[in-house]
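See structure below.
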Amino acid sequence: MRQTREQIVISTQGQGLYDFTRALRGFIERSGVVDGLATVFVRHTSCSLLIQENADPDVQTDMLGFFRSLVPESMDWLVHTTEGPDDMPAHIKSALTQVSIGIPVTEGRPVLGTWQGLYLFEHRHAPHRRQVAMHIIGE
Amino acid sequence: MRQTREQIVISTQGQGLYDFTRALRGFIERSGVVDGLATVFVRHTSCSLLIQENADPDVQTDMLGFFRSLVPESMDWLVHTTEGPDDMPAHIKSALTQVSIGIPVTEGRPVLGTWQGLYLFEHRHAPHRRQVAMHIIGE
Amino acid sequence: MRQTREQIVISTQGQGLYDFTRALRGFIERSGVVDGLATVFVRHTSCSLLIQENADPDVQTDMLGFFRSLVPESMDWLVHTTEGPDDMPAHIKSALTQVSIGIPVTEGRPVLGTWQGLYLFEHRHAPHRRQVAMHIIGE
């Protein structure tokens, strides 16, 4: 049994879904682990992780539209406003999605379904550099 | 330290919660792992995983009712509509719940609480065959 | 490769976020694992886990406010009401957040970002004793 860990940085330019499935695949290949468990963890509280459809870009448009409508920046009862009107909504969107995802690995590849892509879900408007930790254990 | 992996198929007949706690327990028993970590991962983007109360079926009725009301099929601003009116809401419900759950294992059993059951949460109306990957590592 | 497991109890006094980052750090230190993967799992269906900002307490106020407004106790169409008006909303809030979080460990510490704290998210009004299972595997 062996394990390895890497940290990558994803540069974001505003709200959206940033596909980093390829980075995960590269990490798994470099690790030499053929069967095991990969874990992806985002080190922030105003962006998150999402596994979603990678085929039709309209899915991403609607996903963003839904979260914008569910957690609008116009909620005037918020008290945490010092970091801008998009900050507290970003924390809430992060709470509603995932900070960590575990993905089994077999034959040197993550067991993602055909239509599954791995995304960083950025909830802030301003550009950010997001750190994502990746860990794998197996054989 | 050892590990093993299995993939199961869960046949769904419309929206609802499908209990597969027993399949997880069987997988853990077959693996021979007594102490370790089990991971369950669903290979789709229009259904998801949920750990919820396994006692009163009314909980499932209300859970479905809430998600139907939070993410209605009547959202007429959606652009991803080619796969039917329940498809994009299914992707959103999937984003709001979980695609992957890690469960510690001890004495050959998952450490689920007394009232916790493991469910596939189907968000589509039509029947589907859903693939769930299960992985365990331990001793 | 080695692994270890502990269960802790967190006493809650009503709805709120209960920081137990220190308990996780202590568990990792006691385990002797320097590099690996830690998993935290809550054994209940009316509270959940959340990684959120640990700096400004206003974030917690707004987080609670949002979830209270998204899943109000006043939903009069609920059928699961035997355990009180806050019980079914608690199950729903639990479904919308996380029951399990995997966190990579390096240099004997979880790779939490500077502003990330680990919280038990209590959704019930009455005091409860909540069991959280922690597992770590690594070297």
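The values are calculated or read from the model by the stated rules, or taken from the named source; none is laboratory data. These figures come from a predicted structure and were not determined experimentally. Cβ atoms come from the backbone with ideal geometry, glycine included; neighbour counts cover every protein chain shown. What goes into the accessible areas is simple: the full protein's heavy atoms, side chains included, and nothing from ligands, DNA or RNA. Shrake-Rupley method; radii C 1.70, N 1.55, O 1.52, S 1.80 Å.
Mind checking the per residue accessible area of chain A for me, 1.4 Å probe, whole number of Å²? Provide the component values of the computation, followed by the final result.
Working: 5140 Å² over 139 residues.
Heavy-atom accessible area per residue stands at 37 Å².
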### Task
Have a look at B:Thr61, B:Thr12, B:Thr45 and tell me which one the Gaussian network model of chain B (Cα, springs below 10 Å) gives the largest fluctuation.
B:Thr61
#### Entry: Distance histogram for the protein assembly as shown (every C-alpha pair counted, 10 angstrom bins, percent rounded to whole numbers)
5, 24, 36, 27, 8, 0
### Query
For label points placed 7 Å from Cα toward Cβ, what is the shortest-first list of nm distances from C:Met75 to its copies?
1.6, 1.6
### Summary
Where a ≥ b ≥ c are root eigenvalues of the Cα gyration tensor, a/c under 1.5 meaning rounded, otherwise prolate if a/b exceeds b/c and oblate otherwise, region C:96-139 counts as prolate
### Query
Chain pair B, C: how much accessible area is buried, both chains summed, with a 1.4 Å probe, in Å² to 100?
2600 Å²
### With Cα atoms, 0 to 90° folded angle of helix B:87-96 axis to chain B main axis
50 degrees
### Summary
Taking A:Arg25, A:Arg30 and ranking on accessible area (1.4 Å, protein atoms only), highest first, one gets A:Arg30, A:Arg25
### Query
What percent of all Cα-Cα pairs in region A:2-138 falls in each 10 Å bin, counting up from 0?
12, 41, 31, 14, 3, 0
### Message
Could you identify which residue out of B:Pro110, B:Pro57, B:Pro72 has the top mean-square fluctuation in a GNM of chain B using Cα springs shorter than 10 Å?
### Response
B:Pro57
### Query
Per the 1.4 Å probe, what fraction of the accessible area of the protein assembly as shown, in percent, lies on carbon and sulfur atoms?
46 percent
### Query
Cα axis of helix C:21-31 to longest principal axis of chain C: angle in degrees, 0 to 90, nearest 10?
30 degrees
### Summary
Residues from region A:1-26 losing no less than 20 square angstrom of accessible surface in the full protein assembly compared with the chain alone, 1.4 angstrom probe, ligands and nucleic acids excluded, are A:Met1, A:Gln3, A:Arg5
### Query
At a probe size of 1.4 Å, how large is the accessible area of A:Asp58, to the nearest 10 Å²?
60 Å²
### Query
So which residues in region A:98-136 end up with at least 50 square angstrom less accessible surface once the other protein chains are there, compared with the chain by itself, probe 1.4 angstrom?
A:Gln98, A:Val99, A:Pro104, A:Val111, A:Gln116, A:His135
### Task
Specify the inter-centroid distance of region A:71-139 and region C:18-50, based on alpha-carbon positions, in whole Å.
20 Å
### Summary
In deg cm²/dmol, rounded to the nearest 500, the helical mean residue ellipticity at 222 nm of chain A, built from -39500 (n - 2.57) for every DSSP H run of length 4 or more, is -7500 deg cm²/dmol
#### Entry: ³J(HN,Hα), Karplus 6.51/-1.76/1.60, whole Hz, each residue of region B:57-67, x for Gly, Pro
x, 4, 4, 5, 4, 5, 4, 4, x, 5, 5
### Task
Could you name every residue in region A:39-72 that has 50 Å² or more less accessible surface in the full protein assembly than in its own chain alone (probe 1.4 Å, ligands and nucleic acids excluded)?
A:Phe41, A:Arg43, A:Thr45, A:Gln52, A:Glu53, A:Asp62, A:Phe66, A:Leu70
### Query
Counting Lys +1, Arg +1, Asp -1, Glu -1, what net charge surrounds C:Phe27 among other residues with beta carbon under 13 Å of its beta carbon?
+3
